[in-house]
Every structure is written in C-alpha cells, then in structure tokens.
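The values are calculated or read from the model by the stated rules, or taken from the named source; none is laboratory data. Predicted model, so just to flag it, every value in this text is computed and none were measured. FYI the Cβ positions are ideal-geometry reconstructions off the backbone, even for glycines, and counts take in every protein chain you see.
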Amino acid sequence: MPWIEPVTLAGKTVTLEPLSEKHHNGLVEAARDGELWNLWYTTIPDPAGMMAEIERRLELQARGSMLPFTVIENSTGRVAGMTTYMHIDAENRRLEIGSTWLRKGVQRTAVNTECKRLLLSYAFDSLGCIAVEFRTSCANAQSRAAIERLGAKLDGILRSHALHRNGTLRDTVVYSITAAEWPQIERRLTA
C-alpha cells in the first residue's frame, strides 16, 4: 500500500480535491485570471497546455512521486488553482509542498494560507512526516514572502540549480518546517 494516496482536504475557505481531468476548464479559467503563464520566474501552464499539465501531474502521481490537488474556493465553488505534494520520499517520510499557483483574484487572501495549513496538517498529523520542504526561485519574491510568513526556516540556496523557462539560471531557495516546529506553527496558522 502506498504511503500517500489521493485524499480531499476541506477547510473553511478552500477544499483541496485530488486533481482530475474534470478540473480542466476551471483551471484554464483560473490561469486566465492574471495571465499567469506569462510570469517568467515560475511555470504555470497556458490554457492550451493545461490538459498536458494535468496528465503530467497524474502520471507522476501514478509513479508515487507526486500528489496534485485542485484548489476550490468554498464560497464560490470556483477553481482557484493548483497545489501539490511532490518529491515524495516515503522511506524518509519527507515531501515538498510546491508547484502551487492561484488565480490573481485570490492572491494575497486567506486562500494560500489555508491551503498550506491543510497540506501541512495532513503531512505531519496523518502521514507522520519528519519534515516538509518548500522550494522557490530566488526571483519569486511573492512566493518567498508567503513561505516565510508560514514560519518555514531557510535551509539554503541551491545556486544555478535549474533554468527558468526563459533560459536564465535559477537559484532555488529551499525552506522547511520540521515535525518539532509544526505544533507552534499550526497554532499560529489556526489563530
């Protein structure tokens, strides 16, 4: 039996549903809110590539290295974006929360914080993770600030770690939250 299987995580503001092809049209609409695919420092599929991205993530899920979610706004029932458990390491009970993107209309609202709280709670309280990582481009100031607001600690910077879509070098900033840190962070996120 796999360590991690598809699950729905429900909160006050959002529900995280296991990604499926039925979410395609809602994800296209969400990506169009702000034309998110034009951001050079992150990778968000354009409308024409959304189905390929869904299929890619579902293939990685079938291999056991990813568990992707569709973010649904509870108040409207609309798709707000995607988020993912990735780089799943069952043997060491570690994973990364990443490949998160949200429609422009819900950025800087409670949506992202609640997504992270739900994902962290399930990772630590149900899966027994010893640590959860977050990675982002050094150039993505908005993402770095959101990760730091969660209470994640900076582990380091992987210099010239990858290439951005535009071909420039990406320095990847790595953060984490450990199981020992989770109770205090959970109290703060819940408050």
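Miscellaneous remarks
- In segment 94-103, the count of residues that are buried (at least 17 other Cβ atoms within 10 Å of the Cβ), farther than 21 Å from V173 by Cα and in contact (Cβ under 8 Å) with a residue 24 or more places away in the chain is one or more.
- Hits in segment 55-70 - residues which are touching a Leu at 6+ places or on another chain (Cβ under 6 Å) and either more than 20 Å from L119 (Cβ to Cβ) or of a type in the set (A, V, I, L, M, F, W, C) (or both): M66, F69
- Of all residues in segment 166-185, those being farther than 22 Å from S121 by Cβ and either out of contact with any helix residue (DSSP H, G or I) (no Cβ under 9 Å at 6 or more places or on another chain) or small (G, A, S) (or both) number 7.
- Hey, V173 within 17 Å of the chain's Cα centre (by Cα), over 23 Å from I4 (Cα atoms) and at pLDDT 95 or above or not: yes
- On the stretch given as segment 75-94, residues that are of a type in the set (S, T, N, Q) and in a strand (DSSP E or B) total 2.
- Close pairs from segment 2-26: first at positive phi and among the aliphatic types (A, V, I, L, M), partner loosely packed, with under 13 Cβ neighbours inside 10 Å and not in a helix (DSSP H, G or I), Cβ under 8 Å, at least 6 apart: none
- The set of residues in segment 142-170 being under 19 Å from the mean Cα position of the chain (by Cα) and hydroxyl-bearing (S, T, Y) consists of S143 alone.
- When T13 is tested against (1) surrounded by fewer than 16 Cβ atoms within 10 Å (Cβ to Cβ); (2) over 27 Å from V174 (Cβ atoms), exactly one condition is not met: (1).
- Condition met for T113 (assigned to a strand (DSSP E or B), at pLDDT below 95, within 22 Å of F69 (Cβ to Cβ) and in contact with a Ser or Thr (Cβ under 9 Å, 6 or more places away or on another chain)): no
- For segment 118-168, the candidate set comprises residues that are modelled with pLDDT of 95 or more and among the polar types (S, T, N, Q); within that set, the residue that is surrounded by the fewest Cβ atoms within 10 Å (Cβ to Cβ) is S126.
- Within segment 26-53, if we keep just the residues that are modelled with pLDDT of 85 or more and in contact with a Ser or Thr (Cβ under 8 Å, 6 or more places away or on another chain), the residue that is farthest from T76 (Cα to Cα) turns out to be L27.
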